[in-house]
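Worksheet: one structure, shown below.
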Amino acid sequence: MEQEIRLYSSYLHQVAYLYVKDRELAKDVVQQVWLKRLKKVDQFRAESQLKTYLVRMTVNVCHDLLRKQKKWYEPMTEKVDFRTPERRLLQKECTENLIGAIHTLTFKEREVIILHYFEEWTTPEIASCLSITSSAVRSRLQRARMHLKEKLEVAIDEEETRSGIEAYYANGTRD
């Protein structure tokens, strides 16, 4: 068990942090996972990988916690420091647009997006973790991508319109 804790605690903390958006709360989630693992040590079946089993437990604890608090997942992104202020501003705007679009997804869509893009899991791993079929994962991913594309296209159109209006007034070409 000690070896499992050393191997997986950091990873489970990252997963929990993506869901609860609070480092201390994520630590509490991971502690709850290890307590549950200790209580259910005989229940683990080798049908799935231990890592998948532990992540499923982490996701379940996060779901329970968020349900009790009536909060929903807000995706976190790591800050990337680009060389120029313009690039940093552009990255910040793109990230804000993406986060806003992710917020509009259903919980099931957000869940597969997190596991696929943030955690870089394969379709079979996600299916095993969520106890759904691979085709259901692919379907949810497809729907989520379609919804994200729609939302991001609207955001880009709004940004282009706003930029055009700002440029129009900045150049003093008003009538």
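The values are calculated or read from the model by the stated rules, or taken from the named source; none is laboratory data. Everything numeric in this text was worked out from a predicted model, so none of it was measured. Cβ placement follows ideal geometry from the backbone for every residue including glycine, while neighbour counts extend to all protein chains displayed. Note: accessible area is taken over every heavy atom of the protein model, side chains too, but ligands, DNA and RNA are not part of it. Shrake-Rupley method; radii C 1.70, N 1.55, O 1.52, S 1.80 Å.
Looking across segment 14-36 at every residue that is more than 16 Å from the chain's Cα centre (by Cα) and polar (S, T, N, Q), the one that is surrounded by the fewest Cβ atoms within 10 Å (Cβ to Cβ) is identified as 31.
Just one of the numbered conditions (1) loosely packed, with under 14 Cβ neighbours inside 10 Å; (2) more than 13 Å from the chain's Cα centre (by Cα) is not true of residue 97: (1).
Of the listed requirements (1) of a type in the set (Val, Ile, Thr); (2) open to solvent by 20 Å² or more (accessible area, probe 1.4 Å); (3) farther than 23 Å from residue 10 by Cβ, residue 102 misses just one: (2). Taken as a whole, the condition of being free of Cβ contacts under 8 Å to residues at least 12 places away in the same chain and not in a helix (DSSP H, G or I) applies to residue 120. For the subset of segment 123-149 comprising residues that are closer than 18 Å to residue 51 by Cα and outside any helix (DSSP H, G or I), which member is most open to solvent (accessible area, probe 1.4 Å)? By that ranking, first place goes to 131. Going residue by residue through segment 49-65, is there one that turns out to be open to solvent by 50 Å² or more (accessible area, probe 1.4 Å) and modelled with pLDDT under 60? No, that holds for no residue.
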